[in-house]
Amino acid sequence: MSERQTAAVDRLLAAARATLAEMTHCWVMTPSASDGIHARLVEPIAAAPDDEDWIISFATSARSRKATEIERAGRVTLGYERHSDHSYVALYARAALVVERSAIRARWREAWRLYFPGGPEDPNLIIVRLAVNRIEVCVPGVSPEPFGTRYVAAARDAAGAWTIASD
C-alpha cells in the first residue's frame, strides 16, 4: 500500500474511533428471517483506542430475537450518529454469541442488573462479540466534499490489513 493510501486509512480509522468515543449507544441491525432488517439501540462495549482488531461487544438476552438473528446470520451492522455535525459511522462485523461465564464476568456492568437480576451469572445474559471487517464514515474533513453526499470506507483484505474500499 502506498504512503498516500496508508495515510487515508489511518485518517479514516482515527475519525471512526473519535466518533465512537463520543457515543454511548448505537443502532445494531440484523438480517431478519423474512428478508427484512431489524434495528434496535444497544450500549456497546467499545474496543480500546489502541485495539487494532476492532472488537466490540454488547450484552443481550439469550432469548431475544436479536440473539436468534445473530446466531442464524453471523453478522451485524452497527450505526453511530453524531448529531452535532451530522457525522455517521457504520461498522459491518462478523458476530458471535459468547456464553462463557468468565467472559461475561469480565465485561459485566452493574447497570445491567435491571435487565439481568442474576448478575453476571444470570443464565439469560450473553455477550455478542463483533469483529469489525468494514467501516464506512461520513465525517467532515475525511469524507469527500461536498460533505454528506458520499462516504469513505475501509475494509479488511485477505491478510486482515485495512485498505480503502470502493463499491
Looking only at the stretch 75-108, and only at residues there that are more than 20 Å from the chain's Cα centre (by Cα) and not charged (D, E, K, R), the one that is modelled with the lowest pLDDT: 84
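Taking the condition of a type outside the set (A, V, I, L, M, F, W, C), closer than 13 Å to residue 17 by Cα and free of Cβ contacts under 8 Å to residues at least 60 places away in the same chain, does residue 71 pass?
Values: of a type outside the set (A, V, I, L, M, F, W, C): yes; closer than 13 Å to residue 17 by Cα: no; free of Cβ contacts under 8 Å to residues at least 60 places away in the same chain: yes.
No.
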Which condition breaks for residue 20 when tested against (1) at negative phi; (2) not in a helix (DSSP H, G or I)? (2)
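Considering the stretch 24-36 alone, what residues qualify as being more than 21 Å from residue 94 (Cβ to Cβ), of a type outside the set (Val, Ile, Thr) and in contact with a Pro (Cβ under 9 Å, 6 or more places away or on another chain)?
25
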For the stretch 109-167, what are the residues that are aromatic (Phe, Trp, Tyr), over 20 Å from the mean Cα position of the chain (by Cα) and under 22 Å from residue 79 (Cα atoms)? 147
Selection from the stretch 149-160 of residues assigned to a loop (DSSP other than H, G, I, E, B) and either surrounded by 13 or more Cβ atoms within 10 Å (Cβ to Cβ) or of a type in the set (D, E, K, R) (or both) yields 150, 151, 157
Got at least one residue in the stretch 45-60 being under 21 Å from residue 108 (Cβ atoms) and touching a Pro at 6+ places or on another chain (Cβ under 6 Å)? yes
Of (1) out of contact with any Phe, Trp or Tyr (no Cβ under 9 Å at 6 or more places or on another chain); (2) surrounded by fewer than 15 Cβ atoms within 10 Å (Cβ to Cβ); (3) not in a strand (DSSP E or B), residue 11 fails just (2)
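The values are calculated or read from the model by the stated rules, or taken from the named source; none is laboratory data. What you see is a predicted model, and the numbers here were worked out from it, not measured in a lab. Positions of Cβ are generated from backbone atoms using ideal geometry, with glycine treated the same way; all protein chains shown enter the neighbour counts.
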